[in-house]
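The values are calculated or read from the model by the stated rules, or taken from the named source; none is laboratory data. These numbers were taken from a predicted model, which means no experiment stands behind them. Cβ coordinates were reconstructed from backbone atoms using ideal geometry, including for glycine residues, and neighbour counts include every protein chain displayed. Just the protein is used for accessible areas: all its heavy atoms, side chains included, with ligands, DNA and RNA removed. Shrake-Rupley method; radii C 1.70, N 1.55, O 1.52, S 1.80 Å.
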Amino acid sequence: MHEHGLVMRLLERARREAAARGGTLRSLRVRLGALSSSDAAHFREEGEHVCVEHGLGALRLEIEEDRDRPSGIELVSIEVG
């Protein structure tokens, strides 16, 4: 459940940025650092669930883990089309 809220907030932020750029969100790239409470597989599963739930099943979700990085969950980049 925790990941659901995190994914929702990241997705909302990415969608706002895509709209500000005058386009449609195509993909987002997320980094999970050492302070993240999730692993890539679980975060991907929840991310895919949220995307389907919001009609964004075609959205590409890229997740990288960098446990040497002293951060939590970071929105690294988005692709706008």
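What number of residues within region 5-38 satisfy the criterion of being surrounded by 13 or more Cβ atoms within 10 Å (Cβ to Cβ) and not aliphatic (A, V, I, L, M)? Residues in region 5-38 being surrounded by 13 or more Cβ atoms within 10 Å (Cβ to Cβ) and not aliphatic (A, V, I, L, M): 12 in total.
Residues of region 54-81 that are surrounded by fewer than 16 Cβ atoms within 10 Å (Cβ to Cβ), without any contact (Cβ under 8 Å) to a residue 60 or more places away in the chain, assigned to a strand (DSSP E or B) and among the aliphatic types (A, V, I, L, M): Val76 alone.
Quick one: is Arg44 open to solvent by 70 Å² or more (accessible area, probe 1.4 Å), among the basic types (Lys, Arg) and farther than 19 Å from Val80 by Cα? Yes.
Residues that are touching a helix residue (DSSP H, G or I) at 6+ places or on another chain (Cβ under 7 Å) and assigned to a loop (DSSP other than H, G, I, E, B) within region 27-53 comprise Ser37, Ser38, listed in sequence order.
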